[in-house]
Amino acid sequence: MPNEIYVMTTRYLILQDGTVYEGEAFGAPATTFGELVFNTAMTGYQEIITNPIYYNQIIMFTTPTIGAAGINHYADEAIVPAVKGVVVREIAEISTNRIRALSLNDYLKRHNIPGISQIDTRALTRHLRETGVQKASIVDQPDDHAFDQLRAMVLTNQQIAQISTPKAYANPGRGANVVVLDFGLKSGILRMLSDFDANVTVLPFSATFDEVANLDPDGLVISSGPGDPAQVPETALDLIREFETRVPLFGIGLGHELFAIANGAKVSELTSAHHGMNHPIREQITKDIMFATQGQAYYVDAKSIKDTPLFVTHIDITDNQIQGLRHRDYPAFSVQFFPDAAPGPLEETQAFAEFMEMVMARRGGGTI
Amino acid sequence: MAKEIVDAMAMQRALTRITYEIIEKNKGVTNLAIVGIKTRGVFIGQRIADRLQQLEGATIPVIPLDITHYRDDDAERAGEKSSFNVDIDNKRIILVDDVLFTGRTIRAALDAIMDNGRPAAVNLAVLVDRGHRELPIRADFVGKNIPTATSEKIRVNMKEFDGQDGIEIR
């Protein structure tokens, strides 16, 4: 039975507004900086920790105990996690699962990522909801020096350039030819496309028109990714405008925001980011409600849709915000939520089925 | 033995996709009218109209069409006419049926439509295209292409009529 002996080490989580939380160290003993975000998902901590959208961020889980299923080799959303730290109420000292390979504690150590437990994560979540996004640090001592370092820290706005693949690579299949533009791609997207036996080529976010066109894609996926869509170079928007008229196009997360901007809509930052997996989403065309995983810090402004060739296909019924868009004239659509269900309710994977059906319909093929 | 080849969810998705494609192709929903071929074509047409209503807030008329009198294999009843209660002159018609097979039903439906007016255009939407055409007819919107043998039967089940959604081959 995998049982670990913890040596209690006191460490501190400090926020840029001066808030100090005392907790117990786990994972790596490194000092870390990042933007503190909270995630309300009850399961799927491995997929969340490894999701590249958390580049330069420290994740806090509101679910009280994290780590009970350990870490396996099937739920990684990236080869190397991009997250800067993990904050929990309690780290499970024993982890058991039939596919478990190692403990969360060992996994974080392996990747030199610090964690901190015994934090009142619910109080801290309320605090974050009031104050908005804050820089935070996990440190040995909450002294002036630590705060100076924290306040002096500047987080890059070049996350995508740093996390996107530098070179094209293949994820071969025997079906439709799909090109994925990598803005911080999570593996779940590739897993879903593999389920449809798509012959996938992943290209860097900076790919040129010719680099995409030379692959004769049957469909184009604009991946999710970290950061502010306004920081994405204009060339990527041009690429969306060029290809939405040519092949079925599917934008996810950041890709959804870029699809909106490329077609003239406006994107703004949320006061409190949505990170969770129980968000009720209404599909406008059927009025069906489904539950979906969200990881969004930005949103498409509903008022800005009017003068665009887009219409709204999905809405978050808790705040009436746009969760899906579609082009009026072309087979191009996007969703704000994570349709790869890694982690999350399987019903949201319908969006991939929809995309692949559009791709096959254009090919004159015979799948629904 | 019947085998379900499209489940309820995939069938819903196909109807949704057809609806989006209708908006794409017609650049909106103004001036549209749906003609549904009885029996299941009417239910499919109604579902497409419901979707257009939810999405665009537009009420699209759904005209049920009984093509019996227009069939080319029923000489006794030939000559009778079906009359619509909606004016279709200059309308963009979406003709809807569940399965496209020989094309003879569609040929009959086109005759019935033309007897009732002069639409600006007629597009054909079908949930299943099973091949084996005997006339030069093809669909503009297809839910699923299902290659079949002539000996096989395709059955579309609709919740409104059959109690559940799904497509079976037998």
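The values are calculated or read from the model by the stated rules, or taken from the named source; none is laboratory data. Note that the structure is predicted; figures quoted are calculated from it, not measured. Glycine also receives a Cβ, built like all others from the backbone with ideal geometry; neighbour counts cover every protein chain displayed. Quick note on the areas: whole protein, heavy atoms, side chains included, nothing else; ligands and nucleic acids left out. Shrake-Rupley method; radii C 1.70, N 1.55, O 1.52, S 1.80 Å.
See the values below:
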| item | result |
| --- | --- |
| Hits in the stretch B:33-59 (condition: farther than 27 Å from B:Arg71 by Cβ and open to solvent by less than 40 Å² (accessible area, probe 1.4 Å)) | B:Arg51, B:Leu52, B:Leu55, B:Ala58 |
| Residues of the stretch B:116-143 classified as within 14 Å of chain A (Cβ to nearest Cβ), over 24 Å from B:Arg92 (Cβ atoms) and open to solvent by 20 Å² or more (accessible area, probe 1.4 Å), total | 1 |
| Failed item, numbered, when A:Ile317 is tested on (1) among the β-branched types (Val, Ile, Thr); (2) more than 14 Å from every other protein chain (Cβ to nearest Cβ); (3) within 16 Å of the chain's Cα centre (by Cα) | (3) |
| Candidates B:Phe84, B:Phe43, filtered to the one that is among the aromatic types (Phe, Trp, Tyr), away from every other protein chain (no Cβ under 14 Å) and part of a helix (DSSP H, G or I) | B:Phe43 |
| Leading residue by the ranking (nearest to the other protein chains (Cβ to nearest Cβ)) among those in the stretch A:259-270 that are outside any helix (DSSP H, G or I) and open to solvent by 30 Å² or more (accessible area, probe 1.4 Å) | A:Gly264 |
| Elements of type strands (runs of 3 or more DSSP E) contained in the stretch A:1-101, each with 2 or more residues being open to solvent by 10 Å² or more (accessible area, probe 1.4 Å) and closer than 27 Å to A:Thr271 by Cβ | A:20-27, A:32-39 |
| In the stretch A:107-138, the residues that are among the aliphatic types (A, V, I, L, M), touching a residue at least 12 places away in the same chain (Cβ under 8 Å) and surrounded by fewer than 19 Cβ atoms within 10 Å (Cβ to Cβ) | A:Val133 |
| Where a residue in the stretch A:139-155 is of a type in the set (Gly, Ala, Ser) and its partner, wherever it lies, is surrounded by 12 or more Cβ atoms within 10 Å (Cβ to Cβ), with Cβ under 9 Å and at least six apart | A:Ala146/A:Tyr12; A:Ala146/A:Ile14; A:Ala146/A:Thr31; A:Ala146/A:Ser137; A:Ala146/A:Val139; A:Ala146/A:Asp140 |
| Among (1) within 14 Å of chain A (Cβ to nearest Cβ); (2) assigned to a loop (DSSP other than H, G, I, E, B) - the single one B:Asn90 does not satisfy | (1) |
| Residue check, B:Ile22 assigned to a strand (DSSP E or B) and surrounded by 14 or more Cβ atoms within 10 Å (Cβ to Cβ) | no |
| Extreme residue, surrounded by the fewest Cβ atoms within 10 Å (Cβ to Cβ), among residues of the stretch A:326-336 that are at the interface with chain B (Cβ under 9 Å from one of its Cβ atoms) and closer than 14 Å to A:Ile252 by Cα | A:Arg326 |
| Contacts under 8 angstrom Cβ, first residue in the stretch B:12-28 being facing chain A (nearest Cβ under 7 Å), partner of a type in the set (Val, Ile, Thr) and open to solvent by less than 10 Å² (accessible area, probe 1.4 Å), 6 or more apart | B:Ala14/B:Val6; B:Thr16/A:Ile285; B:Thr19/A:Ile285; B:Thr19/B:Ile48; B:Tyr20/A:Ile285 |
| Residue under evaluation A:Val179, criteria (1) under 20 Å from the mean Cα position of the chain (by Cα); (2) in a loop (DSSP other than H, G, I, E, B), criterion not met | (2) |
| Some residue of the stretch B:97-112 being part of a helix (DSSP H, G or I), open to solvent by 40 Å² or more (accessible area, probe 1.4 Å), away from chain A (no Cβ under 14 Å) and not charged (D, E, K, R) | yes |
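One line per residue, one yes/no per condition, for (1) assigned to a loop (DSSP other than H, G, I, E, B); (2) buried (at least 24 other Cβ atoms within 10 Å of the Cβ); (3) among the basic types (Lys, Arg):
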site	(1), (2), (3)
A:Ser224	yes, yes, no
A:Phe250	no, yes, no
A:Glu257	no, yes, no
A:Ser272	no, no, no
A:Pro280	no, no, no
A:Phe291	no, no, no
A:Ser304	no, no, no
A:Ile315	no, no, no
A:Gly324	no, yes, no
